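Data first, discussion second: the structure below is written as structure tokens.
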Amino acid sequence: MKMFKKLFCPACQEKVKRDWNFCPYCGYPLNRITNPIKEVKIIISKGEPRVEIVPQQENFLMIKAKKPKKVVEPKTEIKNLGNKKIVEIELKGVREDNIKVNELEHSIEIRAYSKGKLFFNVIPKKSNTSILNKYFDGKKLILEVG
């Protein structure tokens, strides 16, 4: 029988899943690959050395909002069009400036905040593809990936 340890975000202490790269509650990078180091400080105090790692801040990932009451996975539809994919994510009630799209090597993370809800989704993609176009019509975020 295996025992699994619960994981918590080091910034906000909310429960997170092992495969998430970012905390959906506060945006803190959970994966060392997505949390690059800005500098390493060696501090000597009372003859004891101490290492302090300063992560690089990625302000485009942060949503300045109150802590959400609920995290939901939005309805998502993926359509194949030749060598491209059209991804439609339903984000009713969300303002465009509260939508954050983070493109990683093998996935696209979508975070959107509205009225106490955080919409969060991870969409897999091939490493040789990228977002070609994105559009928000007020209800749906549409991504063209190829």
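We did not get these values from a lab; they are worked out from the coordinates using the rules stated. All figures in this text were calculated on a predicted structure; none of them were measured in a lab. Every residue, glycine among them, receives a Cβ derived from its backbone with ideal geometry; neighbour counts consider all protein chains shown.
Overview of values
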{"quantity": "Share antiparallel - DSSP beta bridges, region 65-146, percent rounded to 5", "calculated": "90 percent"}
{"quantity": "Equivalent ellipsoid semi-axes - Cα gyration tensor, region 65-146, angstrom", "calculated": "23, 13, 10"}
{"quantity": "Ranked F8, F22, F120, criterion: other C-beta atoms within 10 Å, fewest first", "calculated": "F8, F120, F22"}
{"quantity": "Taking S130, S45 and counting other C-beta atoms within 10 Å, the order from fewest to most", "calculated": "S45, S130"}
{"quantity": "Net charge, T129 excluded, C-beta distance under 9 Å - Lys, Arg +1, Asp, Glu -1", "calculated": "+4"}
{"quantity": "Likely footprinting exposure, V72, V101, fewest C-beta neighbours within 10 Å first", "calculated": "V72, V101"}
